[in-house]
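Let me begin by presenting the structure, written as C-alpha cells, before commenting on it.
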Amino acid sequence: MSTPARVLSAVQSASRKAAAKHALIGFDGFVDTIVNVVDRRSGSGENFTAVPTITAFARRIDAAAGRSTNIELYPRMEKPGGNGPLMASALAAAGVRVTLVGSLGAPDIHPAFSELATRCHVISLCPPGLTTALEFRDGKVMLGVHASLGAVTLPAIEAAMGADSFLRHLSGCDLIAPLNWTMLPSMTEILRGLCDDVLPSLPATKTRHFFFDLCDPEKRSSSELIDVLKIISRFTTHGRVTLGLNFKEASRIASDLAFAGRADSPDGMQALAADIRGDLGLGTVIVHTRRAAAAADEKGTAYVDGTYTETPLISTGAGDHFNAGYARGLLLDLDSEACLALGCATSGHYVRTASSPTAEDLENFLTRWKDGTLD
C-alpha cells in the first residue's frame, strides 16, 4: 500500500480520535499582508507583471545602490499570521480542540483573528506583530515589525490566563507547542521557566507531546541557539519532544553543532535529522523542504516525497500547516512516515487553496494524492 493510501486509511479510521485531543499553541501572533512586487505595470489594479523570483528582486535592489528606487507592492490579502495562529488554524480546522495564546490584539482581539477566535479558545497578551510577505515563485521575503512582541513573557501568560488556569490547561493538553523562538525575545526565558517552575507541577503522562519550531534563527547568535536547544532537550523529562525544521534551519543547527554538511537529498535529509536528534537527545527531529520531508526517531528514519506544486496560491504559512499535519498525526498515534505524509497533505491543500483543510478536505486530498491526480 502506498504511503498516501496508508495514511488515508489511518485518518479515516481515527477521525473521531482527533476531536478528543486538546492542544495549547503559542505564543506569537502577526497580521500578515501578502503582496506581489510589481515589475511592469500596464494599467490600474491587477494590470501588471510581478517580479518573478527573489533573485530578480535582489537584482532590482542591488541596482538601486548609490541611487534610489521606487518599488510598488500590490496587496493580495490580509490574514492572520504567526507560527502559533497558523498552526492553531490548521489543527482546529482538522478537528482538534485548540487553545491559542499569543500577541493577538489589545485591548481587543484584532479583527484579523476574529474568525479564528470562533474556532479556538483565544487568549491575547498584547498587540500583534506586523508582516509584509513578498511572495515569489521561488520563495518569500518576510518584512516584519516586531516591537510589540517584547510583552510576551511567562508572567504575562500567567497573568492573562491565571496561574492556576494555565496549569490546568497544560495538564489537560495532549500537545503543547511553544513556537517562534527567533522572533520572541523572551522565549528562551519562557521555556526555561516552563521547565524549572511549571511542568514539574504537572502529573506525569506518556501521551503528552511537545512540538517546537524555531522559525528561521538566522538573526540569532550561535550561543543563543545552542542555549535554547539545550533547554528544549530538557522537555524530554516531561513528554515526547518533536523539533520541526526546514532544511535551512537544520543546516544552521548542524553547523553550530559542528556536524558535517548534508545534501538536500533523501539520504542527506534523513542523515541530517538523525545527526541533530542524536546530539540533542530528542524524540523526533523533522527536516523538510518545499518538495519533501524526512524525520528521525528512536526507530530510525523516514522520508516522503511531498505534494509540491509549481503554481501555489499562497506560500506564507505552508510550513506551519506542515507542522499542524505532522502534529495531528502524532495525536492519532501514526508512525513518522505517516505523520510526514499528513504534514505534506495539510500543507499541499493549503498552498493550493489558501485555506486550512478540514478533516474531509484532507481525506479528499489524500485520495487525489493516492490516485496521482494532484495538479
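Observations
- Just so you know, the Cα atoms of the stretch 47-153 work out to an Rg and Dmax of 17.4, 54 Å.
- Calculated on the alpha-carbon coordinates, the convex hull of the stretch 183-239 measures out at 75 cubic angstrom per residue.
- Rounded to the nearest Hz, the phi-derived 3J(HN,Hα) couplings of the stretch 91-97 under the Karplus curve 6.51 cos²θ - 1.76 cosθ + 1.60 (θ = phi - 60°) are 5, 5, 4, 8, x, 7, 6, where x marks glycine and proline.
- Theoretical FRET efficiency, 1/(1+(r/R0)^6), r = Cβ-Cβ of D335 and H146, R0 51 Å, to 0.05: 0.85
- Calculated FRET value between R168 and D108, using beta carbons and R₀ = 22 Å, to 0.05: 0.30
- For S315, the amide hydrogen comes within under 5 Å of no other amide hydrogen, counting only partners 5 or more places away or on other chains and with H modelled in the peptide plane.
- Length gained on full extension, N47 to T205, computed as 0.36 nm times the residue gap minus the Cα-Cα distance: 51.1 nm.
- For the stretch 94-165, the C-alpha radius of gyration sits at 1.30 times the compact-globule guess of 2.2 N^0.38 Å, with N the residue count.
- Label-point gap, in nm, between E360 and A260 - each point 7 angstrom along Cα→Cβ: 5.2
- The label-point distance for V38 and E218, in a model that sets each label 7 Å from Cα toward Cβ, rounds to 2.7 nm.
- The stretch 1-17 and the stretch 147-212: distance between their alpha carbon centers, rounded to Å: 32
- Cα gyration tensor of the stretch 146-264 - equivalent ellipsoid semi-axes, whole Å, descending: 26, 18, 11
- The stretch 12-131, accessible surface, carbon-and-sulfur percent (1.4 angstrom probe): 51
- The orientation-averaged projected area of the convex hull spanned by the Cα atoms of the stretch 159-217 comes to 4.4 nm².
- 1.4 Å probe accessible area per residue over the chain, in Å²: 42
- Contour excess over end-to-end distance, with Cα ends at R16 and I71 and 0.36 nm allotted per residue: 14.8 nm
- Label reach from E115 (point 7 Å along Cα→C-beta): in the stretch 352-375, amide nitrogens under 15 Å belong to 352-358.
- Relative to the compact-globule estimate of 2.2 N^0.38 Å, the Cα radius of gyration of the stretch 225-375 comes out at 1.03.
- If you wrap the Cα atoms of the stretch 299-375 in a convex hull and average its projected area over all directions, you get 5.0 nm².
- Share of pairwise Cα separations in the chain, more than 41 Å, in percent: 9
The values are calculated or read from the model by the stated rules, or taken from the named source; none is laboratory data. Because the structure is predicted, anything quoted here is derived from the model rather than measured. Every residue, glycine among them, receives a Cβ derived from its backbone with ideal geometry; neighbour counts consider all protein chains shown. Note: accessible area is taken over every heavy atom of the protein model, side chains too, but ligands, DNA and RNA are not part of it. Shrake-Rupley method; radii C 1.70, N 1.55, O 1.52, S 1.80 Å.
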